[in-house]
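Notes for the one structure printed next.
The values are calculated or read from the model by the stated rules, or taken from the named source; none is laboratory data. Bear in mind that the values here come from a model prediction, so they are computed numbers and not experimental data. Neighbour counts run over all protein chains shown; Cβ positions are idealised from the backbone, glycine included. Only protein heavy atoms, including side chains, enter the accessible area calculation; ligands, DNA and RNA are left aside. Shrake-Rupley method; radii C 1.70, N 1.55, O 1.52, S 1.80 Å.
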Amino acid sequence: PSCEFLIGYFVSRQNFQHVQTFPKGDFLAVDLGGSQFRALEVKVFNDGKQSSQLESKFYPTPKEVIQGSGTELFNYVADCLLDFMESKNLQHKKLPLGFTFSFPCKQTKLEEGALLAWTKHFKVRGVQGTDVVSSLRKALQKHKDIDVDVLAMVNDTVGTMMTCGYDDPHCEVGLIIGTGTNACYMEEMRHIDLVEGDEGRMCINTEWGAFGDDGALDDLRTEFDRELDLGSLNPGKQLFEKMISSLYLGELVRLILLKMTKEGLLFNGKVSTALLTKDKIEMKHVCAMEKYKEGLSNTKEILTELNLFPSEEDCIAVQHVCTIVSFRSANLCAAALAAILTRLRENKKVLRLRTTVGIDGGLYKTHPQYPKRLHKVVRRLVPNCDVRFLLSQSGSAKGAAMVTAVAYRLAAQRKQIDAVLAPFLLSLDTLREVKNKMRAELEYGLKRETQASATVKMLPTYVCGTPDGTESGKFLALDLGGTNFRVLLVKIRSGRRRSVQMYNKIFAIPLEIMQGTGEELFDHIVQCIADFLEYMGIKGARLPLGFTFSFPCRQASIDKGTLVGWTKGFKATDCEGEDVVDMLREAIRRRNEFDLDIVAVVNDTVGTMMTCGYEDPNCEIGLIAGTGSNVCYMEDMKNIEIVEGNEGKMCINTEWGGFGDNGCIDNIRTKYDIQVDEGSLNAGKQRYEKMTSGMYLGEIVRQILIDLTKQGLLFRGQISESLRKRGIFETKFLSQIESDRLALLQVRRILQQLGLDSTCEDSIIVKEVCGAVSRRAAQLCGAGLAAIVEKKRENRGVEHLQITVGVDGTLYKLHPHFSRVLQETVRELAPQCDVTFMLSEDGSGKGAALITAVAKRLHNIGRK
């Protein structure tokens, strides 16, 4: 692909008229690839007419330069450019430059291209496989008195198409017929497997000069073609070009005349030294010999200069040879062009195609018969195409300058986007700082004198053991932590065939209940429990119950939990500061239909750790990365000053979502984080959670998109009603948009479903924004977790720790990159810890039941 997709909308002829106007100013271009090197300046005027002014200068391309070393070649180009800039008094201005480089290159960016192979008469050492733009930049940097920024590299065919497209919006093919030959055209993105994206079009540089290198043209190649190829700089390569371009046609004519002379068909069989000399007949001679009126006299004059002394019949025969060779060239070129035109017509699904072909090149411009022959054959081969042939008046380099002008604007836009996203790019040092601050807050939360003011609350859960495999029985579990509420019946079987069976039902928590009164909330919960018990046919059974309550609670025992504060959109009144177990018991009493043995109130992180601990005894950490974000871990009792006793361990629910509420991470909070926080139900609280959890990431993305739109970088600068709506971006959309398997057209469809009318370019930017926000979230989560595992390592007093982290949460499970980035961050920040991540299977339900079972087991042991 010859142009980066990000400017696909620019090079698309169908959109050319309504491309934002070219930025006004001065642009430089250099053109390397033909018999001469060219430097030029293009001035673009913002006068409403898209007018421009061009000044250029040609320089020779000496053989020692074009067949020397890469350093010599690019130094020569830089020296010529310096001379041109001095002649125009431009050496003290910073100017963008476009580089027309007329050789096959593999491009991954507009300003980057690795040379695949030299063609024509070029054979420079040490360049093949390297980035030619980088080489040019290095050569330019040696001249301290000029300041040039190479923004674009294009092939001469692309430059020609762009130059002609500037004047004719129907131009969608570029054709070079000169020293070499090549074509480019606008291809549908959906057909280009090498580039991501399936909407719009991109310019493809065909490099058709190599057509036939696989033997496809062997039945058309003559003995003269083969002889010419063997004597060329690149035998076996560019075989199609060697049958068409001006660099080779004169030599083909010489080889034919030489054979005819040796066979006595010309010049009385007398061969001159000149006729034996390679490249003695050039294209300029062929053109002169084919001129309509002066052709015969020109032929006689040229042959006489070659010491051949022709008769009139000889001149007529030689003129005929020239005609056959050039006519074949035009025929072959027409056939290849017809294939491209047919593809364009089929891509557009039209019966008749109207298009323009922009053309440049010395053979087409100077040969007296070539254009007429080419046009006639093309129209015969594709009668259903109305083709206009437009000669490029200012060459391909002006097109390079035009591409550079747009690339200049895009580079400015890129800087704006980078400036917006820069605060989301966290360095390793910044992440280490976050880890260290988290570690300090963990310690504050464990100490009696600082616990009250600590932002990471380090709440004791009174869960003092993990499953040992002896647990068995039937247990109820409740799971409240998001917009849905679950009731579960869990059957645990012990022994060699131990297993856990679960039956559950999901109930919605309406917004008016979430933000109503506490009594209404718990009455609704009890109604859901009653429905489930009836559904399962166990309404009369008094089963032990574990209550997963995924909000910050201060516990005095395993079955008592005082709500510290609501999070995740809940705001029911008269609950904060109250024991949620008592509130549940009161609601059960009010209903007076059944009774339950509430054994444990647990956090979802604790449930996650217990679920994974049931499978892996090495699991002593639980992580939730979903709607909210939290961690728990098994802490040594001797370190928990707010609980009596020094023996054994207890699970600590860190409630790390409040990390930073004291301002300790304000240096990494962006203006978008502040906007999201100020618009939330609990402004100033849970700052870390608002930077790391699924509930808020989409809202951060929305705020960034609004800012980019205000700057004119997205959605045509129009803020839609949809974009103004809070909560439009859910975590699932971020996950879908960032999926590696999702093409850009599908990303655009997602945005359209959200009411955002976007272009494919918008989709790229939105995907980048989503990636920056989710990557930062994963890195911050990883930095916090690194602090936990490092604390565990120091608690055990070991140099190297092996530990398992049980993980649950939709962000971790469903996002395409979150888990990988989090794990990489932990490895970077805690290199002495070998951490295994284990996905939890229903930690909130199964975990609550297991905690209840363990609590019952420990209670029974205590009674004995």
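For the residues 647, 635, 641, 576, the requirement of being touching a Phe, Trp or Tyr at 6+ places or on another chain (Cβ under 7 Å) and not aliphatic (A, V, I, L, M) singles out 576. When restricted to residues that are farther than 16 Å from residue 761 by Cβ and open to solvent by less than 60 Å² (accessible area, probe 1.4 Å), segment 404-419 contains 2. The residue that is most open to solvent (accessible area, probe 1.4 Å), counting only those in segment 759-804 that are touching a residue at least 24 places away in the same chain (Cβ under 8 Å) and among the basic types (Lys, Arg), is 775.
Among the residues making up segment 136-178, those that are assigned to a loop (DSSP other than H, G, I, E, B) and either surrounded by fewer than 24 Cβ atoms within 10 Å (Cβ to Cβ) or not polar (S, T, N, Q) (or both) are 142, 143, 144, 145, 146, 168, 169, 170, 178.
Kindly indicate the residue of segment 725-758 that is in contact with a helix residue (DSSP H, G or I) (Cβ under 7 Å, 6 or more places away or on another chain) and among the polar types (S, T, N, Q) and also most open to solvent (accessible area, probe 1.4 Å) among those meeting that condition. Out of the qualifying residues, it is 736. Screening residue 620 against (1) touching a Cys at 6+ places or on another chain (Cβ under 8 Å); (2) modelled with pLDDT of 90 or more leaves a single unmet condition, (1).
Of the listed requirements (1) in contact (Cβ under 8 Å) with a residue 60 or more places away in the chain; (2) closer than 25 Å to residue 393 by Cβ; (3) surrounded by 21 or more Cβ atoms within 10 Å (Cβ to Cβ), residue 354 misses just one: (3).
As for segment 542-564, it holds at least one residue that is farther than 30 Å from residue 456 by Cβ and either assigned to a strand (DSSP E or B) or open to solvent by 40 Å² or more (accessible area, probe 1.4 Å) (or both).
Annotation note: of 685, 638, 649, the sole residue that is over 24 Å from residue 801 (Cα atoms), open to solvent by 10 Å² or more (accessible area, probe 1.4 Å) and basic (Lys, Arg) is 685.
Scanning segment 474-498 for residues that are over 42 Å from the mean Cα position of the chain (by Cα), assigned to a loop (DSSP other than H, G, I, E, B) and either within 14 Å of residue 602 (Cβ to Cβ) or among the basic types (Lys, Arg) (or both) gives 496, 497, 498. Per the conditions (1) over 30 Å from residue 834 (Cα atoms); (2) open to solvent by 40 Å² or more (accessible area, probe 1.4 Å), the sole criterion not satisfied by residue 676 is (2). When residue 778 is tested against (1) out of contact with any Phe, Trp or Tyr (no Cβ under 7 Å at 6 or more places or on another chain); (2) in a helix (DSSP H, G or I), only condition (1) is not met.
Taken over segment 677-706, the residue count meeting the criterion of being part of a helix (DSSP H, G or I) and over 21 Å from residue 822 (Cβ atoms) is 7.
Residues in segment 186-218 that are modelled with pLDDT under 85 and among the acidic types (Asp, Glu) were compared, and the one that is most open to solvent (accessible area, probe 1.4 Å) is 193.
Within segment 605-629, the only residue that satisfies the criterion of being open to solvent by 10 Å² or more (accessible area, probe 1.4 Å), out of contact with any Asp or Glu (no Cβ under 6 Å at 6 or more places or on another chain) and in a strand (DSSP E or B) is 620.
Of the candidates 437, 372, the single residue that is open to solvent by 30 Å² or more (accessible area, probe 1.4 Å), over 30 Å from residue 285 (Cβ atoms), among the basic types (Lys, Arg) and out of contact with any Ser or Thr (no Cβ under 7 Å at 6 or more places or on another chain) is 437.
Residues in segment 315-372 that are touching an Asp or Glu at 6+ places or on another chain (Cβ under 9 Å) and among the small types (Gly, Ala, Ser) were compared, and the one that is nearest to residue 177 (Cα to Cα) is 361.
Does segment 593-606 contain at least one residue that is charged (D, E, K, R), under 40 Å from the mean Cα position of the chain (by Cα) and at negative phi?
yes
Taking segment 795-864 and the helices (runs of 4 or more DSSP H) fully enclosed by it, the elements with 3 or more residues that are closer than 19 Å to residue 467 by Cα and out of contact with any helix residue (DSSP H, G or I) (no Cβ under 6 Å at 6 or more places or on another chain) are at 846-863.
Residue 442: of a type outside the set (Phe, Trp, Tyr), crowded, with 22+ Cβ neighbours inside 10 Å, closer than 27 Å to residue 556 by Cβ and touching a Leu at 6+ places or on another chain (Cβ under 9 Å), yes or no? Considered against the rule, which asks whether it is of a type outside the set (Phe, Trp, Tyr), crowded, with 22+ Cβ neighbours inside 10 Å, closer than 27 Å to residue 556 by Cβ and touching a Leu at 6+ places or on another chain (Cβ under 9 Å), residue 442 comes out as no. Taking segment 489-532 as the range and being open to solvent by less than 50 Å² (accessible area, probe 1.4 Å), under 18 Å from residue 566 (Cα atoms) and hydrophobic (A, V, I, L, M, F, W, C) as the test, the residues that pass are 509, 513, 514, 521, 522, 525. In the set 386, 360, only one residue is surrounded by fewer than 21 Cβ atoms within 10 Å (Cβ to Cβ) and either touching a helix residue (DSSP H, G or I) at 6+ places or on another chain (Cβ under 6 Å) or in contact (Cβ under 8 Å) with a residue 24 or more places away in the chain (or both); that residue is 386.
Looking at residue 82, is it over 23 Å from residue 410 (Cβ atoms) and more than 32 Å from the chain's Cα centre (by Cα)?
In short, yes.
Could you list, in sequence order, the residues of segment 389-403 that are open to solvent by 10 Å² or more (accessible area, probe 1.4 Å) and either modelled with pLDDT under 75 or touching a Leu at 6+ places or on another chain (Cβ under 7 Å) (or both)? Hits for segment 389-403 are 394, 398.
In summary, residue 84 fulfils each of the numbered conditions (1) touching a residue at least 60 places away in the same chain (Cβ under 8 Å); (2) touching a Lys or Arg at 6+ places or on another chain (Cβ under 7 Å); (3) more than 30 Å from residue 278 (Cα to Cα); (4) open to solvent by less than 20 Å² (accessible area, probe 1.4 Å) with the single exception of condition (1).
Residue 133 meets all of the listed conditions (1) among the β-branched types (Val, Ile, Thr); (2) open to solvent by 40 Å² or more (accessible area, probe 1.4 Å); (3) without any contact (Cβ under 8 Å) to a residue 60 or more places away in the chain but one, namely (2). For segment 745-758, the criterion of being of a type outside the set (Val, Ile, Thr) and in contact with a Gly (Cβ under 8 Å, 6 or more places away or on another chain) is met by at least one residue. Within segment 568-589, the set of residues being in contact with a Lys or Arg (Cβ under 9 Å, 6 or more places away or on another chain) and open to solvent by 10 Å² or more (accessible area, probe 1.4 Å) comprises 579, 582.
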